[in-house]
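*Asks:* One structure coming up, written as structure tokens, with questions to follow.
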Amino acid sequence: MTAYASNAPNEKPESVRKPFGIRQLRAARAKAERLTMLTCYDASFAAASCAAGVDMLLVGDSLGMVVQGHTSTLPVGLEDIRYHTACVARAATSCMVIADMPFASYQASAEQAFQNAALLLQAGAHMVKLEGGAWLAPTVEFLTQRGIPVCAHLGLTPQSVNTLGGYTVQGRGASGQALLDDAKLLEQAGAEIVLVELIPSPLATQLTALLSVPTIGIGAGPNVTGQVLVIYDILNLTPGRKARFVKNYLAQANDIEAAIALFVSEVKSGVYPGPEHGFES
Ligand code: KIV
């Protein structure tokens, strides 16, 4: 896609790819198919990702760090996520769009979560993502009963960096069982996806065996239903020290769409993530 081109993203031919929706998500889990998700914030990267075969796009609150230059996700507001969700959704012809609910937009009550999640669905999201464990289960039930699909986020939950004390691996030792218990409760409350960030690979293996819904991992090893990475990371655009689970796909590709397609094919074939990208118990 070029700027000012006549084939704007929302005019892409329908033949490109069948849209990936909630039914495809459930079917993929049932068939144990590997899924792909990228964190994406704008229409150009959304169009390239869908064309490259990505299943789901997450409008993550990591935009606070990646796009806005903050040192955490805490300053991100609902209007920031709403705006970027609308940008992504306009170009996401075949991908499911998941919008992150930012800090302080859902923790106070289920009603607060519903009102804010509804704005994100009206902006084009098909699902919302919330960070939290057992305490969040009533909210997940409240949203799903009212037509809002939920992706639950466990493990490293960056909005809680001040209580966690840093961006470190979660779920080691006894806290691993607590994570499994939380995940089961969230699934029972209606969560459609459980996303886990920075947990030991053996714990993610246990989690995937325990749940019927798809698990999506970032720094969680190979035995999850799908993998998510931040698009800027796979294109080597993030300055500074790289996280262990990050792989630079642009290094082996001629252009951005080819780099994303390589990520898709490596996830689908099980090449990514390798043992070097995961964490032990
Ligand atoms: O905000 C984000 O991009 C995320 C992913 C890292 C899972 O939550």
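The values are calculated or read from the model by the stated rules, or taken from the named source; none is laboratory data. Because the structure is predicted, anything quoted here is derived from the model rather than measured. For neighbour counting, all protein chains shown are included, and Cβ atoms are generated from backbone atoms with ideal geometry for every residue, glycine included. All accessible areas refer to the heavy atoms of the entire protein, side chains included, with ligands and DNA or RNA removed. Shrake-Rupley method; radii C 1.70, N 1.55, O 1.52, S 1.80 Å.
*Asks:* Write out, first by first residue and then by second, each pair whose Cβ atoms fall under 6 Å of each other, whose residues are 6+ apart or on separate chains, and whose first residue, in the stretch 46-62, is in contact (Cβ under 8 Å) with a residue 60 or more places away in the chain while the second is open to solvent by 10 Å² or more (accessible area, probe 1.4 Å) and within 8 Å of the ligand (Cβ to nearest atom).
*Replies:* Taking only residues 6 or more apart or on different chains, the pairs are SER62/VAL230.
*Asks:* Moving to a separate point now. Report yes if VAL140 is part of a loop (DSSP other than H, G, I, E, B) and open to solvent by less than 10 Å² (accessible area, probe 1.4 Å), otherwise no.
*Replies:* no
*Asks:* Could you tell me how many of the residues in the stretch 143-163 are of a type outside the set (Ser, Thr, Tyr), surrounded by fewer than 20 Cβ atoms within 10 Å (Cβ to Cβ) and more than 14 Å from the ligand (Cβ to nearest atom)?
*Replies:* 4
*Asks:* Please list, ordered by residue number, the helices (runs of 4 or more DSSP H) wholly in the stretch 17-98 having 3 or more residues that are of a type outside the set (Gly, Ala, Ser).
*Replies:* Result: 22-30, 63-66, 78-91.
*Asks:* Separate question: Among the residues of the stretch 35-91, which ones are within 12 Å of the ligand (Cβ to nearest atom) and of a type in the set (Asp, Glu)?
*Replies:* ASP61, ASP80
*Asks:* Still on this structure, I have one more. Can you name the number of the only condition in (1) under 17 Å from the mean Cα position of the chain (by Cα); (2) hydroxyl-bearing (Ser, Thr, Tyr); (3) surrounded by fewer than 22 Cβ atoms within 10 Å (Cβ to Cβ) that THR93 fails?
*Replies:* THR93 satisfies every listed condition except (1).
*Asks:* Pairs needed: first member in the stretch 260-273, part of a helix (DSSP H, G or I); second member anywhere, modelled with pLDDT of 95 or more and among the basic types (Lys, Arg); C-beta distance under 6 Å; at least 6 residues apart or different chains.
*Replies:* Pairs found: VAL267/ARG34; LYS268/ARG34.
*Asks:* If you take the residues of the stretch 55-74 that are more than 16 Å from the chain's Cα centre (by Cα) and polar (S, T, N, Q), which of them is most open to solvent (accessible area, probe 1.4 Å)?
*Replies:* Applying the filter and picking the extreme gives THR71.
*Asks:* Looking at ILE193, ILE218 in this structure, which one is in contact with a Pro (Cβ under 7 Å, 6 or more places away or on another chain) and of a type in the set (A, V, I, L, M)?
*Replies:* After ruling out the rest, the residue left standing is ILE193.
*Asks:* Tally time: how many residues in the stretch 93-130 are among the β-branched types (Val, Ile, Thr) and closer than 11 Å to VAL150 by Cβ?
*Replies:* 2
*Asks:* Let me ask something else about it. I'd like to verify a number: residues in the stretch 256-272 that are open to solvent by less than 20 Å² (accessible area, probe 1.4 Å) and hydrophobic (A, V, I, L, M, F, W, C), how many?
*Replies:* Residues that pass the stated criteria total 5.
*Asks:* Then there's this: Identify all residues within the stretch 236-255 that are more than 14 Å from the ligand (Cβ to nearest atom) and surrounded by 19 or more Cβ atoms within 10 Å (Cβ to Cβ); write none if there are none.
*Replies:* LYS247, TYR249
*Asks:* Go through (1) surrounded by fewer than 18 Cβ atoms within 10 Å (Cβ to Cβ); (2) within 16 Å of the ligand (Cβ to nearest atom); (3) closer than 21 Å to THR168 by Cβ one by one and return the number of the condition PRO202 breaks.
*Replies:* Going through (1) surrounded by fewer than 18 Cβ atoms within 10 Å (Cβ to Cβ); (2) within 16 Å of the ligand (Cβ to nearest atom); (3) closer than 21 Å to THR168 by Cβ one by one, PRO202 breaks only (2).
*Asks:* Quickly run through the stretch 6-29 and pick out the residues that are loosely packed, with under 10 Cβ neighbours inside 10 Å and either at pLDDT 95 or above or among the hydrophobic types (A, V, I, L, M, F, W, C) (or both).
*Replies:* Selection gives ARG23 alone.
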